[in-house]
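All remarks here apply to the structure that follows.
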Amino acid sequence: MNVIFDNFSLYRDGFLQTLKICAFAAIGSLVLGTLIAGFRVSPVPPLRWVGTSWVNVFRNCPLTVVLFFCAFGLPEIGVNGAYFWFGVTGLVLYTSAFVCEAVRSGINSVPAGQAEAARAVGLTFTQSLSTVVLPQALRTVVPPLGSVIIAMIKNSAIVGAFGVGGDLFAVGDTLTSSRGEAVLPVLIGVVLGYLVITIPGGLALGWLERKVAIAR
Amino acid sequence: MSTSVLYDAPGPRTKRRILIGSVIAGLLLLGVLALLALRLDKQHQFDIEKWAPLFDPSNEQFPLVWQRIGEALGNTLVAAGLAVVFSLVVGTLLAVTRVTAARWYRWAVVGVVELLRGVPVVIAIFFASRVLPQFGLDLEPLWFLVIGLTAYNSVVIAEIIRAGINSLPKGQGEAAESLGLRRGQVLSLVLLPQAFRAMLPALISQLVVVLKDTSLGFVISYEELVRVAGQIVQVLSNPIQVYLLIAVIFILINYALSRFAIFTERRLSQGKKAATATLSATDVAGAGTGGGG
């Protein structure tokens, strides 16, 4: 167990790097995913096609392939940058497809009668959207969106494995490969690092879910 | 049409607006694609020597490249198949113990389930390849990959099956008990067969996750598609073309699997309209997206 305490600063840096990757990727994928979801439910067919193909491509393609494509493909067409940003870009592209589906299923879960009733009462399109449809849709979106983000946090380990470096996965790799530390304690330290993020995250999600729950 | 909640049926004026919007969006889309193509062309990505080894049978490297890709695809499918079978067995056991066992034991199972769910798959695979040899289990990389994938997916499948059992009407179990069946019989004869049936679409969707996750074998040098693609790129130095091909292979297989899941879902819900609802593939999408790359 001493290995965790002896290398505490290394673990802390790894933990912070993981958090950093996750923070950028979460913001990016939420924004992009919501935009794509907007495309997917838009009345304009070409936008719908873009949304649908986006989701089908990134949901069915392994994250590793997306990452390799970003890291080796983008420099080929003259886009250069730090590995860190290639990693974050890959994670954002991949996660945005899942965010999009979560948001879209939320919008679809609102019964058609709700919007019809809003119209019957005489609300305009914007009013019905902002006071009737979206408030209900957002609440339904919370649980699936939360699990998407938690999955994304775990997927950030792949970004680390793939060579961005400095995150929790990389710490485990360094300690076991180059320093030859005992594997099991190192593993426990790394896993704890992820659990510290995912378990409170899951609990907070459950709390939020109960808080925004609506009876239907 | 999925948009019915948001919009009225379009009238003549809206139809015209939608048409204008479509034209503008279409033009923008074409513009973006054209810019991308120009960029690719400028960087010589359309040069024949980048594509020929992959798509021109008369190219001297063509047979070797496709032989390697074929082997790699085989390895990927083998790893995915083994992982699914093991996950199903272990997952069923976990689900059954969680439903039937004594309380303290059930808590232990819940603990293991929650722990494994929180661990990234790639770390499970990586450390399986590091920890197990220390306990004298010196296996091929294939088995480390399968063990890592099973550790995560068996837990997810256990949750799917448990949801399936819980979705059954209570009367099913009660009727079986009142007939005098023992607990094990109630499960194996009455509950599990129905749970599997209800959960079939979700289980097929989980296949997609497993298949995608086999690509994590690259961290332990298992020769699956992504790793072999890397080797090909080192020789031919055409990453865009090779990774595009690999992506297309994955997308085709996974898209077919997802369509199949939706098809089974429709089939099942047609078969028994009044009976228990089939838990749709999308209902447990949260569990599905738990999977990694």
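General observations
- Listed by Cβ neighbour count within 10 Å, with the fewest neighbours leading, A:T131, B:T14 appear as A:T131, B:T14.
- Per residue, the average separation of C-alpha pairs within less than 8 Å and at least 6 apart gives chain A a relative contact order of 28 percent.
- Kirkwood Rh, Cα atoms: Rg over Rh of chain A: 1.07
- Rounded Å value of the spacing that divides the Cα centres of the range A:28-81 and the range A:114-144: 28 Å
- GNM remark for chain B: springs join alpha carbons under 10 Å apart, and the peak mean-square fluctuation among B:A52, B:A151, B:A128 falls on B:A52.
- Placing +1 on the Cβ of every Lys and Arg and -1 on the Cβ of every Asp and Glu, with nothing else charged, gives the protein assembly as shown a dipole about its Cα centre of roughly 2080 debye.
- In the protein assembly as shown, the inverse of the mean reciprocal separation of distinct Cα atoms equals 24.8 Å; this is its Kirkwood hydrodynamic radius.
- Efficiency of FRET from Cβ geometry, B:E71 and A:S53, R₀ 35 Å, rounded to 0.05: 0.70
- Residue exposure proxy: B:K15, A:K211, ordered by other Cβ atoms within 10 angstrom of their Cβ from fewest to most, comes out as A:K211, B:K15.
- Taking other Cβ atoms within 10 Å as a rough exposure proxy, A:C22, A:C61 sort from fewest to most as A:C22, A:C61.
- Placing unit charges on each Cβ (+1 for Lys and Arg, -1 for Asp and Glu) gives the protein assembly as shown a dipole about its Cα centre, and among B:I220, B:V121, B:G26 the Cα reaching farthest toward its positive end belongs to B:G26.
- Largest GNM mean-square fluctuation across B:S87, B:S188, B:S129, computed for chain B with C-alpha springs under 10 Å, falls on B:S188.
- Proximal aspartates and glutamates to B:K212, defined as alpha-carbon separation beneath 13 angstrom and excluding residues fewer than eight positions away on the same chain: B:E224
- Centroid-to-centroid separation of the range B:210-247 and the range B:137-180 [C-alpha atoms, Å]: 31 Å
- Between the range A:1-15 and the range B:33-47, the alpha-carbon center distance in angstrom: 47 Å
- Separation of the B:R103 and B:R13 label points, Cα + 7 Å toward Cβ, nm: 6.7 nm
- Averaging the sequence gap over all C-alpha pairs within less than 8 Å and six or more residues apart, then dividing by the number of residues, gives chain B a relative contact order of 22 percent.
- Distant alpha-carbon pairs in chain B (separation over 32 angstrom), percent: 46 percent
- Average other protein chain Cβ within 10 Å of Cβ, residues B:214-223: 3
- Candidate cross-link partners of B:K42 among the aspartates and glutamates, defined by an alpha-carbon separation under 16 Å and a same-chain spacing of 8 or more, comprise A:E76.
- Taking chymotrypsin sites (Phe, Trp or Tyr not before Pro) in DSSP loop states with no more than 13 other Cβ atoms inside 10 Å as exposed sites, chain B has its longest site-free stretch at B:136-293.
- Projecting the Cα atoms of A:N80, B:Y152, B:Q206 onto the charge dipole of the protein assembly as shown (Cβ charges, centred on the Cα centre) puts B:Q206 farthest toward the positive pole.
- The calculated FRET efficiency for the pair A:V196 and B:I48, based on their C-beta separation and a Förster distance of 60 Å, comes to about 0.70.
Bear in mind these aren't lab numbers, they're just calculated from the coordinates by the rules spelled out. For clarity, every value in this text was computed on a predicted model and none was experimentally measured. As a convention, Cβ positions derive from the backbone with ideal geometry for all residues, glycine included, and neighbour counts pool all protein chains shown.
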